[in-house]
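These notes concern the structure reproduced below.
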Amino acid sequence: MALCCVLTTIHWQQLGYEAIVDCLHRVLALDALAGRVEEWVFGDCAVEPFAEDLDLHFGSWFGVCDRQVGVGDRLSDRVSLGAGFHSSNHFSVMAHWLIAKRDAGDVVDQDRPESASHSVPVESVISTIFMVFNNVQDLHQPAYLRSVFGSVANSFVTVRVGVYIDGFNLYYGARGLCGRSTAGWRWLDLRSLAETLVGQHSLWTNPIIEKVTYCTARISAVGSSTGQREQDVYIRALERSGSVTQVVLGNYVTRVATAPLALLGKNGRPVITRPSWPVKVQDGLEKNIPDARFMVSVARREEKGSDVNAASHMLIDVLTQEIDAVMVISNDSDLSFPVRIARSYVPVGLINPTKGYLAGKLAGVPKEGVGNHWWYQLTPTDLYTHQLPAVIGPKITKPVPW
């Protein structure tokens, strides 16, 4: 039975006695007319297994009797009977009733269990005990709870979802979907977007967004002072509105790089530029060099650390059991290893924010690891329909070009 499962699986030494008594008092108080059943809950089930079994038809009083199961005055107190040893030893006792070992020889036929009309609903028992025991590590695991309580667990178990976002991967992916100069997509409400995606595309039961970790880097004002100001406003808007739980900053690096001159190919990859008329390259003997390359120096601005930060925070939260499921917004193949590790512990939803194909290393199968994984590719509609309010607080206003 469900209550028996709770009593025999919880690590009692991790809990205070007062918490246990308070829990059962609140459960039993639901049925003021029922008799009393006294149960010693601090025992070792392996030593005295049947002394730890309780029937769900119990009443409004709780106590401890000499470190063993006890009952009241039976008929006058309308107490449910049970088997302290084994029901086969007492033909007047049904298997799911309860009786103390010390009283086993005094069982009489006229003793009867309390009326079913006074029984406590299973859902009430489980829900109340779960609320008191929510500091027990195993009870934070939805899969564990459902294995113990079955479908009843769906009435009180929630899946805590952690959302981890590679900010630059999302930005450039969204820009490719909507257009660089197009307004209406950049003032993105990340929490609202996550809630919709999880609710519409996952099979997780009762999901709640526990935390949203936004990993980015502050861009340099060199060559883009306007961009830096707009980014700063957006980050403050995310924090002030509660759209993110935390913003984790990496580094924005500006440097000079040397690379071959190239053009953008049809497949989006660079095509190295070769000498052709009217520009030719010759060697010292004035012979043409058709395979020559033009080397150029360019200013390169790039973000460092967002993918590492997203992976680190995700794995820390998974391994410390802060969350029960993961959603990652990125199409960076560098995340393939940490995502694969996460899938062996919790279900993972992976969101491709670009218009290109999903990075091959991020692919997988829904049943991999613990299973229940899913994938989704963002659309422009997802971005346009999940925007923050234009004005947040007294000082934060959406930039006009956005």
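The values are calculated or read from the model by the stated rules, or taken from the named source; none is laboratory data. Keep in mind that this is a model prediction, so the values were computed, not measured. All Cβ positions, glycine included, derive from the backbone under ideal geometry; neighbour counts span all protein chains shown. Quick note on the areas: whole protein, heavy atoms, side chains included, nothing else; ligands and nucleic acids left out. Shrake-Rupley method; radii C 1.70, N 1.55, O 1.52, S 1.80 Å.
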Single residue of region 351-389 satisfying the filter (among the charged types (D, E, K, R) and within 19 Å of G167 (Cα to Cα)) that is surrounded by the most Cβ atoms within 10 Å (Cβ to Cβ): D382
Criterion (closer than 18 Å to K211 by Cβ and polar (S, T, N, Q)) met by exactly one of T397, T385, T354, T320: T320
Check on L188, more than 19 Å from T385 (Cβ to Cβ) and either in contact with a helix residue (DSSP H, G or I) (Cβ under 6 Å, 6 or more places away or on another chain) or touching a residue at least 60 places away in the same chain (Cβ under 8 Å) (or both): no
Among (1) surrounded by 13 or more Cβ atoms within 10 Å (Cβ to Cβ); (2) part of a loop (DSSP other than H, G, I, E, B), the one test that D317 misses: (2)
Selection count, region 334-355, where residues are under 22 Å from Q200 (Cα atoms), over 17 Å from the mean Cα position of the chain (by Cα) and not hydroxyl-bearing (S, T, Y): 3
Complete set of residues in region 343-388 that are at positive phi and in contact (Cβ under 8 Å) with a residue 40 or more places away in the chain: N372
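Yes/no matrix, rows are residues, columns are (1) farther than 16 Å from V326 by Cβ; (2) assigned to a loop (DSSP other than H, G, I, E, B); (3) of a type in the set (K, R):
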| residue | (1), (2), (3) |
| --- | --- |
| V161 | no, no, no |
| A174 | yes, no, no |
| T182 | yes, yes, no |
| Y214 | no, no, no |
| V222 | yes, yes, no |
Qualifying position, being buried (at least 17 other Cβ atoms within 10 Å of the Cβ), within 24 Å of G242 (Cβ to Cβ), touching a residue at least 12 places away in the same chain (Cβ under 8 Å) and under 21 Å from the mean Cα position of the chain (by Cα), among I392, I396, I329: I329
Number of the condition not met by R293 [criteria: (1) open to solvent by less than 90 Å² (accessible area, probe 1.4 Å); (2) in contact with a Pro (Cβ under 9 Å, 6 or more places away or on another chain); (3) not in a strand (DSSP E or B)]: (1)
Condition check for V339: open to solvent by less than 40 Å² (accessible area, probe 1.4 Å) and out of contact with any His (no Cβ under 9 Å at 6 or more places or on another chain): yes
Selection count where residues are part of a helix (DSSP H, G or I) and open to solvent by 30 Å² or more (accessible area, probe 1.4 Å), scope region 304-314: 5
Scope region 232-252; condition more than 20 Å from A221 (Cα to Cα), assigned to a strand (DSSP E or B) and aliphatic (A, V, I, L, M); matching residues: none
Answer residue from region 263-282, given it is in a loop (DSSP other than H, G, I, E, B) and over 13 Å from M295 (Cα atoms) and is least open to solvent (accessible area, probe 1.4 Å) among those: G265
Total residues in region 189-210, condition open to solvent by 40 Å² or more (accessible area, probe 1.4 Å) and assigned to a strand (DSSP E or B): 3
